[in-house]
Each structure stands twice: as structure tokens, then as C-alpha cells.
Amino acid sequence: MCTRVLYGTGANTFLTGRNMDWSDVHMQTDLWAFPRGMARDGGTGDGTARWTSSYGSVVVAIYNLATSDGLNEAGLAGNLLYLVESDFGDPATRDKPTISVGAWLQYMLDSYATVAEAVAGMQDDPLTVISADAPNGKPATVHIALSDASGDSAIFEFIDGALTIHHSAEYRVMTNSPVYEQQLAINAYWDLIGGQHFLPGTISAADRFARASYNLKSTPQFKDQRAALAAIFSQMRAVSTPLGLNDPEKPNIASTLWRTVIDHDARRYFFDSVINPSVVWVDLDKIDLAEGAAPARLAFQGLEDAGGNISDRLVPTEPFEFLVP
């Protein structure tokens, strides 16, 4: 499930694209705006992490249980992707504040302005992530990609109960299994083969990683903003999985349900449903993210004929509660 690409334009700006691949076509997907200054907790009861949001954000929530994707007002973007190998560790042995897997990305967007800040803040592995099953019965085992307006990037994975961080502006592509270190090794092989001669064509995560990497490397760095936006959308569509094509035994192989593209410089967040005919977007500058503002929500279901800027269509709503076991 899912592919993420960080594309640098010829104007020295950056766009982050992601595909959401998931086996449940009825997965509820809503857009939320959360202001800075919100009192937050990890949703895990006694011993939960507590914080106050330093930055407002616009996010996409799945099932209204987990922040899966988003952009904060400082230009930090985050993408939550499936990783079957994730092992968050035994909470009883970690002795650290706990946080729902559904809140993990929201914590990042609430707390940090840049990738470097997030890496520094998470370096000592300060949280125990508590996982659970998603409503469709699949385990919520995930990893996170962060990117920012400078083009910096980091991948966060829990392996064998400990947090592993891959931090480099060169880490611009992420899919799912295997773990990121092995993905890099597999992609190094395909770099030697040369994508202009042959590329792996299946919908497996490793093959999508190789194709996305080749497409990113081969796409011109357009200076024109509209051309650059078209370039990242075309890259994400090129590694999408056809609707209805799923493997029940492998949750990381599923249909692409929607795509997002984040313009870090313009602070614009695009959403592209495979069901709806038009791309919609919000401008963070046109949404009230000031301290004291009300959280707001827009349900994508019912926007079948919408297109263009929908910044004025969010409605004040009590925030959702994060996924818990």
C-alpha cells in the first residue's frame, strides 16, 4: 500500500506526492484542519504522551481514526505508509510515553517545522507507538516519511522494537516492504541495470520503488509551477495500482484509492480521488489555523462533482479520536 515521491523543481522548490493504496474501497477519508495551540494526547489512556500543537496543520484522516497524510503551516509534510515488518516493541518494557499509531504522524506535524527538527526530536526514540487493527481487520503497522520546503527528507521505522531513522535529502522515494535499508539495496541493483533498458513491472512495493525512482530521476525539473505540478502527478499516476486489484494475503498490495500532492512553497495541499473526476485543493493561507480557532472537517464523500479550491468548505467539527486497541 502506498508510494511517496519527493520531487525537486527547476525553481528550487519541492513537491511531495503520495498514493494511498488500500484494500477497503469504502475507507472513510476526510480532510481536517487543526489549529496551533491544541492540547493533545496520544489517545492511549494512562501513560499517554501529552503535548500542545506548535503548528497548525491540514491533514487527511482515514476512518477518522488516524492521520495518514498532511502538511503543517511551517511547510513540513508527512506521509504514513504501510510496513508489515514494523515492530513497535512491548510497551511494558519500553517505559516511555505511549501514543496511538493513529496519532504518530499528527504528533510530528504538531511539533516540528522541519525534517531536521523532527530527526533531532525523535533521535532518542522518546515514544512507544501502540498499534491496533484497522476497521477492515488489517494490522496498522506503518512507517512515516517526512519532507520539508528545503527538500530535506527522513524515513522513520520501528524495527525490532526500536526506532530507526534514515535522514538524507537523497531519500526521495518510499513504498512499503521490505524495510527501507533493503529497499535502497534493491534499488541500487536496478540503477545498475538502467531503467531505460528494463524496469520491474509488478505492483509489488519493491518494484514500485524501482519504477518511482527511475521516473523521478528521469523527469525534467520544470521551473514552471503548473508543469512541475503536472510532473509529480504524472509520476504518482504511473505507479498507481488499478482499482479492484488487491491481494488479500498481502496488505501492502492493494488498489490506489487516492493521491495527494503537497506544494511546500505555496503551502497548497492537493487531493486526487480515483473515483471523483477532478482534483481539489486547499490553501493553508486561506484556512484559520490560529490558536483558538476551531478544528474543521470536510468529508470527501459527497464531493463527486467538486473541483478546484475547496478551502472555504471546511466546517467546524470536534476532532476525531485516534485508533486504540
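Running a GNM on the chain with Cα contacts under 10 Å, which residue among Val25, Val119, Val261 ends up with the highest mean-square fluctuation? Ranking Val25, Val119, Val261 by mean-square fluctuation puts Val25 first.
Taking all Cα pairs closer than 8 Å and separated by 6 or more residues, the relative contact order of segment 3-316 comes to 24 percent. Rounded if a/c is under 1.5, else prolate if a/b is larger than b/c, else oblate: which is segment 80-136, with a ≥ b ≥ c the root eigenvalues of its Cα gyration tensor? Oblate, since a/c reaches 1.5 and b/c is not below a/b. Other residues within the sphere of radius under 11 Å centred on the Cβ of Ser54, judged by their own Cβ, net out at -2 (K and R +1, D and E -1). For segment 152-294, the spread of Cα positions along the three principal axes, ordered from largest to smallest, is 49, 38, 35 Å. Between the alpha-carbon centres of segment 5-64 and segment 291-325 there is a gap of 12 Å. For segment 3-316, the Kirkwood hydrodynamic radius comes to 19.5 Å, computed from all pairs of different C-alpha atoms. If each Cα of segment 102-183 is one equal point scatterer, what is log10 of I(q)/I(0) from the Debye formula at q = 0.15, 0.23 Å⁻¹? Taking Cα atoms of segment 102-183 as identical point scatterers yields -0.56, -1.25. With one equal scatterer per alpha carbon and no solvent term, the Debye-computed log10 I(q)/I(0) for segment 231-312 at 0.19 1/Å reads -0.95. Computed over the chain, the per-residue total of -39500 (n - 2.57) for DSSP H runs of n ≥ 4 gives a 222 nm mean residue ellipticity of -5500 deg cm²/dmol, rounded to 500.
In this simple spin-label approximation, Leu199 and Leu243 carry label points 7 Å from Cα along the Cα→Cβ vector, and these lie 2.4 nm apart. Packing around the peptides 97-109, 51-63, taken as the average count of other Cβ atoms within 10 Å per residue, puts them in this order, highest first: 97-109, 51-63.
All of the numbers you see were taken from the coordinates with simple rules; none came from a lab. Here the structure is a predicted model, which is why all the values come from computation and not from measurement. Cβ: placed from backbone, ideal geometry, glycine included. Neighbour counts: every protein chain shown.
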